[in-house]
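What follows is a set of notes on a single structure, which appears directly below.
The values are calculated or read from the model by the stated rules, or taken from the named source; none is laboratory data. No experiment lies behind these values; they were computed from the predicted model shown. Ideal geometry is used to build each Cβ from the backbone, glycine not excepted, and the neighbour counts take in all protein chains shown.
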């Protein structure tokens, strides 16, 4: 868990509440050194008490507004959980929590 990523996510006040909640949930999984994570949408949905498709919609919003970068990952030509990157945590000088 990255305290820096969580602090950064909580400061994003220009997001609607559910979108921000998904961002905070994602940040809760972020690595403290690399600010990346790879939870499944189903895992985030359970954590946020939202439907999986709702979470996917909020992830698209976050990606479209450059809050996160989404990298598709594959094993044996099958997609696994996406990799989510938080570049702005480092950019805003939050330190390496």
Query - Answer residue from the range 29-51, given it is touching a helix residue (DSSP H, G or I) at 6+ places or on another chain (Cβ under 6 Å) and not in a loop (DSSP other than H, G, I, E, B) and is surrounded by the fewest Cβ atoms within 10 Å (Cβ to Cβ) among those - result: 42
Query raised in the report: Restricting attention to the range 27-53, which residues are closer than 12 Å to residue 3 by Cα and in contact with a strand residue (DSSP E or B) (Cβ under 7 Å, 6 or more places away or on another chain)?
Result: 29, 30, 31, 35
**Report entry** For residue 88: the one exception among (1) in contact (Cβ under 8 Å) with a residue 60 or more places away in the chain; (2) assigned to a loop (DSSP other than H, G, I, E, B); (3) surrounded by 14 or more Cβ atoms within 10 Å (Cβ to Cβ)
**Finding:** (2)
Query raised in the report: So which residues in the range 2-14 are without any contact (Cβ under 8 Å) to a residue 40 or more places away in the chain, touching a helix residue (DSSP H, G or I) at 6+ places or on another chain (Cβ under 7 Å) and not in a helix (DSSP H, G or I)?
Result: none
Report task. From the list 58, 51, 88, pick out the single residue that is modelled with pLDDT under 95 and at negative phi. Result -> 88
Query raised in the report: Does at least one position in the range 52-74 carry a residue that is part of a strand (DSSP E or B) and touching a residue at least 40 places away in the same chain (Cβ under 8 Å)?
Result: no
